[in-house]
Ligand code: PLP
C-alpha cells in the first residue's frame, strides 16, 4: 500500500514567469555590474506605499487589547467579525448594492478564496477563462483536473471578450479591472456575461481585486448588474486598495440567493470555511475596519491617487509614442503592444539591456499576450518618470 498523489500536479506548467524574469535580470546584472544600480522595475505587482496611519493605529490598539485579560480574544468567527462585515456592507451601499452581512466572508486575501471556492464545484465542471489571464484561475483548476476553455482577447475586442456560444462553461472567471490588461467592463458588457450565465446555468467567479482604481462610470461590483445575485460570487481584496499585500485581508461575497441543484452556495461556503478555515486575526480585521472609516478612506484615496498619477505618466508616454494600450485609466496596469511588433520576451530583453527598465512579458499570461507587455504604476513618481524617459528614447531608436 502506498499513498497515491494527485497527478494533476504533474501536469502544471512550471510557475515560470517571475522566476525567468529574475533569472534574466540576474544574468544581466552579473555581466553589467557598472550599470546594475540603474535598473528600474516597472513590472512589479506589489504595492510600494506603506499602510495608512489610521490602519496602523487601529492595529496597534487591537494588539493592546489582545494583551489585556478584559479585552483578549481567542478564536473569532470563521467568517469574520461583525464590525468588519458591517463596514464592508456599508461600502457596497455606495454602489447601490445591498448585501446581507451573512453574505460577506472575511478572508486572508483573494488568492486563497479564489482557489478554495473550487471545493464547492464538481471536478467535471468546465471552466472558461479570458486569455491573457491571472494564472491562479488556470492552475487551481488544473490541480482539480477541470477542462479549461480560453476566451481569447485582442485589440479587436479591446481585451474585453464577450460571450459567444463556444464559451459555454459551468464556471466563468471574469476579472475587471483586469490583471494583466487593465481593461474594465462597462455595464453593458457585464450584463451580457450575467445573461449568458443565467441562460446556461453557469456561475461567474468575479474578481474585483482592482475595483478601487475605477474612476469612471464602470461597475465596481458585479452585483450592480441585474440578475447577478443568482449567478455570481465576488472576490475582493485589501491588497491593492489599502496596501495589505503583506498584512493579508480580503473578502468574498456569496449571495444567499445563489443555488445549484440541492445546494445553496452560501451555506456550502459557510460549511467549507467553518471546517477548513479559522478566520483572520482580530488585529488584522481591526486594521481592515479602519480602511473603511472616513479618515482611512481619505488616506487610502491619497495612496491610490499616487499610483494613478504614475499610471498617467505611463499612458501619456504611450499616447505620445502612438502605442496601442489598454488599462492605466481604471487600473494600475498598462498593457501595451510591443513596438516594432516584437515578441514580448524579445522586447523584455531589449528594454532591460538597452535602457535598464524591467516590465512583464505578456506571453507569461497566455497566448494573447505574445506581443504585449505589462507595466505597473506601483513605483515612485521619480522612477516612473525616468523609466518613461528611457522608454521613449528606446522606442524612438527602435522604430527609426
Ligand atoms: N486577483 C488578482 C487579479 C490579482 O492580481 C491578485 C494579486 O495580485 C489577487 C487576486 C490576489 O490578491 P490577494 O493579495 O488578496 O491574495
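Descending by average beta-carbon neighbour count within 10 Å, the peptides 3-14, 365-376, 348-359 line up as 365-376, 348-359, 3-14, the highest first.
Under the classification rounded if a/c is under 1.5, otherwise prolate if a/b is larger than b/c and oblate if not, where does region 5-158 fall, given a ≥ b ≥ c as square roots of the Cα gyration tensor eigenvalues? Oblate is the answer for region 5-158, as a/c is 1.5 or above yet b/c matches or exceeds a/b. Taking Cα atoms only, the orientation of helix 381-398 departs from the longest principal axis of the chain by about 50 degrees.
Quick check on region 256-325: take the gyration tensor over C-alpha atoms, sort the square-rooted eigenvalues as a ≥ b ≥ c, and tell me if it's rounded (a/c under 1.5), prolate or oblate. Could you put the intermediate results ahead of the total?
Details: a/c = 3.68, a/b = 1.73, b/c = 2.13.
The shape class here is oblate.
Taking packing as the residue-averaged number of other Cβ atoms within 10 angstrom, the listed peptides 284-290, 156-162, 53-59 run from highest to lowest as 284-290, 53-59, 156-162.
Given 37 °C and 0.692 mPa s, how large is the Stokes-Einstein diffusion coefficient of region 274-400 in µm²/s, with Rh as the Kirkwood radius over Cα pairs?
Answer, rounded: 200 µm²/s.
The value for region 214-312 of Rg(Cα) / (2.2 N^0.38 Å) is 1.30. When peptides 88-101, 228-241 are sorted by average Cβ neighbour count within 10 Å, with the highest value leading, the order is 228-241, 88-101.
In percent, rounded to a whole number, the relative contact order of region 53-293 is 28, using alpha-carbon pairs under 8 Å and six or more apart.
Over all directions, the projected convex hull of the C-alpha atoms in region 306-352 averages 3.5 nm² in area.
Kirkwood analysis of the Cα pair distances in the chain returns a hydrodynamic radius of 22.3 Å. Across all Cα atoms of region 22-108, the radius of gyration (one decimal) and Dmax (whole number) stand at 21.8, 60 Å. For the chain, the longest principal axis of the alpha carbon atoms and the long axis of helix 294-321 meet at an angle near 30°.
Could you tell me which of rounded, prolate or oblate describes region 120-256, using a ≥ b ≥ c as the square roots of the eigenvalues of the alpha-carbon gyration tensor, with rounded for a/c under 1.5 and, failing that, prolate when a/b is larger than b/c and oblate otherwise?
Because its axes are fairly even, with a/c under 1.5, region 120-256 counts as rounded.
Values in this text are rule-based calculations from the coordinates and carry no lab data. None of the values given here were measured: they were computed from a predicted structure. Glycine also receives a Cβ, built like all others from the backbone with ideal geometry; neighbour counts cover every protein chain displayed.
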